[in-house]
1. Take the stretch 1299-1318 and flag every residue that is open to solvent by 10 Å² or more (accessible area, probe 1.4 Å) and touching a helix residue (DSSP H, G or I) at 6+ places or on another chain (Cβ under 7 Å).
2. Looking at the stretch 1316-1362, which of its residues are touching a residue at least 24 places away in the same chain (Cβ under 8 Å), assigned to a helix (DSSP H, G or I) and of a type in the set (A, V, I, L, M, F, W, C)?
3. Go through the stretch 568-600 and give me each residue that's of a type outside the set (S, T, Y), touching a Leu at 6+ places or on another chain (Cβ under 8 Å) and under 28 Å from K822 (Cα atoms).
4. Looking at (1) out of contact with any Asp or Glu (no Cβ under 6 Å at 6 or more places or on another chain); (2) more than 15 Å from F941 (Cα to Cα), can you tell me which one T856 breaks?
5. Could you pull out every one of the strands (runs of 3 or more DSSP E) wholly within the stretch 752-811 that has 3 or more residues that are under 30 Å from S1097 (Cβ atoms) and open to solvent by less than 10 Å² (accessible area, probe 1.4 Å)?
6. Using the structure shown, decide if N1277 is of a type outside the set (D, E) and either part of a strand (DSSP E or B) or surrounded by 23 or more Cβ atoms within 10 Å (Cβ to Cβ) (or both).
7. Just to be sure, is E102 closer than 28 Å to Y618 by Cα and surrounded by fewer than 23 Cβ atoms within 10 Å (Cβ to Cβ)?
Amino acid sequence: MGSQTPEDDPQMVEMLMEEPILYVNGIRKVLPNGLAHMTLLEYLREIGLTGTKLGCGEGGCGACTVMVSHYNKSLKKCLHHAINACLAPLYSVEGMHVITVEGVGSRARGLHPIQESLALSHGSQCGFCTPGFVMSMYALLRSSETPPTEEQIEECLSGNLCRCTGYRPILDAFRVFAKKNDCCYGLDASSPSIGDNEFICPSTGQPCSCNSKNDTKTCDKSYEFVSYNEIDGKIFMDKEFIFPPELTLRKPIFLNLSGFKGLKWYRPVSLKQLLELRTKYPNGKLLVGNTEIGIEMRLKRMQYNVLVSVTHVPELNILNVMDDGLEIGAAVKLSELLKVLRKVVMERDSCETSSCSALIEQLKWFAGTQIKNVASVGGNICTASPISDLNPLWMVSRAEFRIINRKGIIRTVAAEKFFLGYRKVDLEDGEILLLVFLPWTRRLEYVKEFKQAHRREDDIAIVNAGMRVILEERGEDLIVADATVAYGGVAPLSKIACQTKEYLIGKTWNHNLLKDTLKILSSDIIIKDDAPGGMVEFRRSLIISFFFKFFLWVTHQADQIKPMNGNIPSSHFSAIKPFERPSVIGTQDYEIVNQGTAVGFPEIHLSSILQVTGEAEYVDDLPLPPSGLHAALVLSQKPHAVIKSIDSSGVKVSPGFGGLFLAKDVPGHNSIGPVIYDEEVFATTHVTCVGQVIGVVVADTHENAKLAASKVQIQYGDLPPILSIKDAINAESFHPDSQMILTKGDVDMCFESGQCYRTIEGEVQVGGQEHFYLEPQSTLIWSVDGGNEIHMVSSTQAPQKHQKYVSHVLGLPMSKVVCKTKRLGGGFGGKETRSAFIAAAASVPSYLLNRPVKLTLDRDIDMMTTGQRHSFLGKYKVGFTKEGRVLALDLEIYNNAGNSLDLSFSVLQRAMFHSDNVYEIPNVRVMGKVCFTNFPSNTAFRGFGGPQGMLIAENWIHRIAIELDKSPELIRELNFQGEGSMLHYGQQLQHCTLGPLWNQLKQSCNFSKAREETDQFNLQSRWKKRGVAMVPTKFGISFTTKFMNQAGALVHVYTDGTVLVTHGGVEMGQGLHTKVAQVAASAFSIPLSSVFISDTSTDKVPNASPTAASASSDMYGAAVLDACKQIKARMEPIALKHNISSFAELASACYAERIDLSAHGFYITPEIGFDWKTGKGAPFSYFTYGASFAEVEMDTLTGDFHTREANVFLDLGYSMNPAIDVGQIEGAFLQGLGWVALEELKWGDRAHKWIPPGRLFTAGPGNYKIPSVNDVPLKFNVSLLKGHPNVKAIHSSKAVGEPPFFLASSVFFAIKDAIAAARAESGHTGWFPLDSPATPERIRMACLDEFTESLVSSDFHPNLSV
């Protein structure tokens, strides 16, 4: 769409010059020499196109997605692809057209239908990831010759991550483009400008000739399709960027360019040129997509002097379908290969394409779309990664690699002999991989792929495999004529099971063969106990499970030719039944209780239009003044050590160096901390964790600053570290004065009295969680009046903390330090306190040099230094009656604070408050301790300790049910608290809605029927199991520290009738500004569009508490309402005196009467307070109640699972904005799902000895996996309880940010339910522990069966960093 075919235009040809060029959003750019080190992302942001974001720098989050278009002369058409700009070298897109989100649509030019649909569907919250989603969808529509299917839409988003929304509204926004007929794209059927037979283009919503068919099928009415009339498609069409005609006529040119530190960049356009370069630079790195080399150079700091881009060598790009197989050029992109493979499978006999089908399936999960669009076949092969998904398949598929040397001599190597060792292949100096030949398979030849990862989508394998067998008929038997079994993730290279291969050949294919082969496999493929990557037992189990699945699959396939299923129970074939994954559907059920002109309406996020167009500004988008410097931190590499010396001699000669600043340079105080001053801005004599800040370096560019920081040489004297909660307990390593206790009744007497039918004791380990806000930590700081004042713009939930830290460190009064925050690209608690030390560090060079300084952390540094959700250890003793009623709870609870107190004391307090969840317990004793460990300080995270306390409670509730052989749901319901219940800390429940909410959920999900259907499924399925669970929650609303429950706001009314609001809360995607604006609009009875929310700024509203604890809408809404009421009271006499027809007229009349139209509002939460000396009080203003149902289906042989359904009910009173509240629920639920089932932090500790001590292994999206689109519950229903106004908060609403998070534990307990069904198959009944997160490893190893019994004992516990 929108492309032109080349025409013979002599004048145009004359204009073409052999200079490197690039088009960006239709504008021609000449690429200067010297930028070979630069990525496309850096270039785009440098020229002011900041809509393209830097989220991770390794192609793992999709925030940097752009579309590139190039003209394919052989196809004579324009091709469009989404790519990751953070990995693409700038010169790799020479001669192409790059379109960024700014080029798709804007407020000034009009929104593209994609952008408008996303905004109207509430698909943008914090907005940082939004441009990437827009561009992925845009590229799909531009590249689709026919409208995409819903499956294709989900697949195109596989490389995009979102931490806020839960993905459902994004999918809803985009599925309107997956039409079944043209009318769904309808401009109005009555529109005279649209002919009867004209096709409406899915990209522009305008008529075009790309499909002339007129499909008249009835539209699917389950979704509201976009009507492009709403934004005037004609106007948009006029502004759509066509492919620049110059580029259709331009011939590819040889590039010889340079970059930083002598880096050379070459782009040959012929095989001859490539071989000449190979002769000249035998050690030069060949690249296509830069997906591996880019990460090596950026993240691993590996240095390459010569890069040769082979993308334009025709001989490396062939893709020929031959009579005997496929010829695949080494530079062929994986997405191109996938298209051809799919076409081949459709056109050829199935017996010929078994290997093609296996490659298709493996490529589907290989990586995100953006990576597949640039990564090449040859690059993946020659990287020789031991976990390559494709290499085992090449090895077993009889593929041949054709290799050419500098002289043009070609030799052929069998794929199975090509891999020689770790990252070592059979390529001699000067040789390159030319092409791959993939032969067709034959009759009775079967090839199958296998892979298990932490996350299905866009994840590296834990173990993968390719397997092939060819059978031949001999009488009644099928005999193995040949076989190859290859694994990845089990050795330093992709490994063939040689003994297994030899054994299989000549044997009859039957069940006896299976048993014997599994025994041989166990000794053939050996993973050492201390193997890098850990998970040794799990990986060993996958070796066996994969072959078992392969045997069943081949048996099933061959049975169509020669019946042989008789000896295998039909239920066993569930192991190979593919999961039928339908498109995600969801319902949102709520009532609209409107109050005034705006409150109660499901308005879209106020910044959503700015966010979908990429015009919303974040800290790193702000331009650095000409005199500005970039900063990078000098970090400790040891978990506990004495600093012996710091050598900065190499730093001073580093390019662009501007200064190194250490503890001795701090002008004020070097000690900092949010509660107590137990941290240092820069370490002085000791370091207590890897990632502790020792100094800061400033330089002229971000890359130069990082380079200079890496040159600081530090000598350490090692000290013994404490690297787990259990280490801390054994060493009695606790933060001072951090032990607390809460009691109710008499626990000891209850246990001793004989009242308890049974008593159980146990431990619960709860893993931590990385915030993974899409926008990394960032601050821009500068001095005013020669250093007399300091101003900063920071990505923080607590501007006042930044103000306080910086004033303290610089020795300035707080009145001279101003911190502003416009919006955050996500926070979740991670930017409450841990962002402040970053501002403090940056303030030192800015103040001393009197120059602006920007400090933005790379993703790996952010994750390594800023702390995570606390891991917890709970030790419980519970007594209960024969019916299951809980009588006594004795709980010891420990959290891992890390190397400073930060907020860990308060996090532990809330965990202790929530350790009863919703259960009535007459006798309670909860003791808590805060552990000091040698990790970066852990901090606030959505739920703030509450989810950990509740998860521990649900574990012992679940155990009671198992002990009594009753339903966990029955035990939960039996023990529910109710109206008037007295909690273990002395607060009495009021307005409790748990009962009706639970009953409505039970009815909505038809739990008894779901239970029955699940049990029936499990009876018929041996290797796939389903589980169901219902879980309740009660979350206390208020800061547990009383003085923090205050809020201020400033409201101005202008004479044109518009209102400006500034308040102390921070917008981070949760819709706080939107709700506050709705409050103001309703207060003045004006439209929402008349209210504008200004930056949060410490010079407007002083002493603001952090935006946290879910209480911001309550408090800042009330403060704004207070200010509005003051102004209204002043306006009222004027309104009574005059005949006023509008609010603008009233404002002008008040101004004429010299009425003050500005007011400061203030609010304090009433009737709260807690005394830790007595352990009694009312720490919470009220409680938000919720409950959820989940159904899962899991593969017991691999641990993979799908959430088939999630049904969530929440009591939010009268919602001020139900659409925003539903978005918060969905986002919290999916984030919670990550916590309980996907996201595992792995630290260098006793449990992970293959990681250096104290170092975070999962420091980036490559190894740390948050939920993706593929993890969304297939049925995702959200309901708000109706008819229950909250008398304790503004407009009868309730807080929503944190309460839904814990409800994802229903998925955890549904998984546990499914595991119990699996264990029962092998005679293991009764209770069993399952740590959180329930990753595939933990799920598989808990499903005890005949394959695991030789690997682990029944009480095996996979390692977990706690």
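The values are calculated or read from the model by the stated rules, or taken from the named source; none is laboratory data. Since the structure is predicted, the reported quantities are computational estimates derived from the model, not experimental observations. As a convention, Cβ positions derive from the backbone with ideal geometry for all residues, glycine included, and neighbour counts pool all protein chains shown. Ligands, DNA and RNA are excluded from the accessible area calculation, which covers all protein heavy atoms including side chains. Shrake-Rupley method; radii C 1.70, N 1.55, O 1.52, S 1.80 Å.
1. Looking only at the stretch 1299-1318, we keep the residues that are open to solvent by 10 Å² or more (accessible area, probe 1.4 Å), and these are 1313, 1316-1317.
Once the filter is applied, which keeps residues that are open to solvent by 10 Å² or more (accessible area, probe 1.4 Å) and touching a helix residue (DSSP H, G or I) at 6+ places or on another chain (Cβ under 7 Å), the stretch 1299-1318 yields only A1317.
2. Once the filter is applied, which keeps residues that are touching a residue at least 24 places away in the same chain (Cβ under 8 Å), assigned to a helix (DSSP H, G or I) and of a type in the set (A, V, I, L, M, F, W, C), the stretch 1316-1362 yields A1316, A1317, A1318, I1339, M1341, A1342.
3. A598
4. (1)
5. 778-784, 789-794
6. Here the answer is yes, as N1277 does meet what is asked.
7. Yes: the conditions hold for E102.
The rows are residues; the columns are (1) open to solvent by 60 Å² or more (accessible area, probe 1.4 Å); (2) modelled with pLDDT under 95.
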{"site": "E240", "(1), (2)": "no, yes"}
{"site": "P245", "(1), (2)": "no, yes"}
{"site": "R250", "(1), (2)": "no, yes"}
{"site": "F254", "(1), (2)": "yes, no"}
{"site": "W265", "(1), (2)": "no, no"}
{"site": "L274", "(1), (2)": "no, no"}
{"site": "N283", "(1), (2)": "yes, yes"}
